[in-house]
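What follows is a set of notes on a single structure, which appears directly below.
The values are calculated or read from the model by the stated rules, or taken from the named source; none is laboratory data. The structure displayed is predicted, hence computed values, not measured ones. Don't worry about glycine lacking a Cβ; one is built from the backbone with ideal geometry, like all the others, and counts go over all protein chains shown. Only protein heavy atoms, including side chains, enter the accessible area calculation; ligands, DNA and RNA are left aside. Shrake-Rupley method; radii C 1.70, N 1.55, O 1.52, S 1.80 Å.
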Amino acid sequence: RVYFLLSLPQAYLYPVYLVWPQILWMLMPFLIIFLYLIINYFFKNKILRYLNISHTVLALVVVLVGYTKNVEYKIEKLLALDSEMYFGNYGRAKQLADEYKLESTVGAYFHNLINAHLGLLADDFLEVNQTGPQGLFLQVDNRQNYMTILFSNELYYFLGDVNGSQHSALLGMIFAPNEYTSRLLRRLVHINIINGEYALAQKYIDLLKQTLFHREWAARMEQYLYNEELCNNTLWISQKRKLVPDSKILRRPNDFEKSMHLLLDKCDNENALNYLLCYYLLNKDIESFARIYFTSNAQKTNRIPHVYQQALLIYYINNQHLEIWKNLNIDKNVMVNFEKYTQVFEENRGRGDNLMPEFGNTYWFYYHYANVQIR
């Protein structure tokens, strides 16, 4: 206790961090049972009948009060999304995200990541409450808890930045309860097999082989160690290896822009491209968005997501002289809505009240009225 600077209650309850009101609620059922046994010993059967009823009512009250006061519905919903993502049930995760409509940074993060897995990042981008660029990339810093750090590694792994994923996974391990989580150990095994760091992968496999529920999985992973032929013929390894950046350039943690550029320098990473474009949109950096858009494969597709078209129209207002507009396929309905939006905007002298009902889910409305921290 002295060495770890624990209080007396913490010394008994570690690693469960509770305050005294929570401790009393946890002890309440045991106190009720103890009281029941005492009365049962001293009183007759008639009193016991009433005691049984009162005991049942009291127990129900304790359960209901404890439930309503301690259950975090938002956290439960986030964990439900994370669970479906973990098992690859992206369709089910999409249904839950649309149902929950979580208005938070982590909620936006999961919504965007689910849509990215389904190839719908840009298409459904403004159908959720975007909270700024931090809703695309979760910050990993001293203001976050270990659950947020755990979640943050999923995007890096999906995009192919396995070193960024490893950074978040290691931090998640450090700050997790008891500095251990089998889920992140499994992720670290995957990452080090992809990177060809087989000795390090073996260390994590050995840890997992000591567990009850992951030992079989860990034993299966051993077949990939030092077996390049098998690795090259295994889809989840070979696909990720194609995406891992070759550059030796160092980047700071949370430098999301640099991370996306490094991925794009390696190959035509469509997911990284869409994340970078959306990152610029949420930062309201239209110039950078247009520069990347017109110099990448995004302009070569026949179908331009509406959010991109809306952003390009904003860019067009200040760059009408550029030749690029001749070959740009802007939907006629988007043009009509833009003219209508501009008209209502000017008639109301920039007030957004009358624009919200019809244009609240457009990028034009976000660009003019969203109050976000620009990064």
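Worth pointing out:
- For segment 301-362, radius of gyration divided by Kirkwood radius, i.e. Rg to Rh on alpha-carbons: 1.00
- Magnitude of the charge dipole, the chain, Cβ model with Lys/Arg +1 and Asp/Glu -1, debye to 20: 1240 debye
- Estimated D of segment 241-375 in µm² per second, where Rh is the Kirkwood radius over Cα pairs and Stokes-Einstein applies at 10 °C, 1.306 mPa s: 96 µm²/s
- Lys209 exposes around 80 Å² of accessible area when a 1.4 Å probe is run over every protein chain in place.
- In Å², nearest 10: area of Trp364 left accessible to a 1.4 Å probe: 0 Å²
- Hull-based mean projected area of the chain, where the convex hull spans the alpha carbons, in square nanometres: 28.1 nm²
- Annotation: peptides 244-252, 105-113, ranked by per-residue average of other Cβ atoms within 10 Å with the highest first, follow the order 105-113, 244-252.
- Surface share of carbon and sulfur [accessible, 1.4 angstrom probe, percent] for segment 206-256: 53 percent
- Relative protection proxy for 86-94, 185-193, 123-131, 268-276, from highest mean packing down: 185-193, 268-276, 123-131, 86-94 (other beta-carbon atoms within 10 angstrom).
- Of the accessible area of segment 69-158, computed with a 1.4 Å probe over protein heavy atoms only, carbon and sulfur atoms account for 48 percent.
- Span-like helix check, the chain: qualifying full DSSP H segments, with Cα axial length of 30 Å or more and mean Kyte-Doolittle of 1.6 or more, are 20-42.
- When a 1.4 Å probe is rolled over the protein heavy atoms, the share of accessible surface on segment 262-340 that falls to carbon and sulfur comes to 46 percent.
- Estimated [θ] at 222 nm from DSSP helical runs (n ≥ 4, -39500 (n - 2.57)) normalised by residues in the chain, nearest 500: -20000 deg cm²/dmol
- Distance histogram for segment 187-264 (every C-alpha pair counted, 5 angstrom bins, percent rounded to whole numbers): 3, 15, 21, 19, 17, 11, 10, 4, 0
- Whole-number percent relative contact order across the chain, with pairs defined as alpha carbons under 8 Å at least 6 apart: 11 percent
- Segment 138-222 - convex hull of alpha carbons, volume per residue in Å³: 88 Å³
- Members of Lys248/Lys284; Lys74/Lys94; Lys77/Lys101; Lys74/Lys284; Lys258/Lys284 lying beyond 21 Å, as alpha-carbon distances in this model show: Lys248/Lys284; Lys74/Lys284
- Per residue solvent-accessible surface (Å²) - the chain, probe of 1.4 Å: 60 Å²
- In plain terms, if you count all Cα to Cα distances in segment 26-111 and split them into 5 Å steps from zero, the share in each step is 3, 12, 17, 12, 8, 7, 8, 9, 8, 7, 6, 3, 0 percent.
- Each peptide among 259-267, 160-168, 353-361, 143-151 gets the average number of other Cβ atoms lying within 10 Å of its residues, and from highest to lowest they stand as 160-168, 259-267, 143-151, 353-361.
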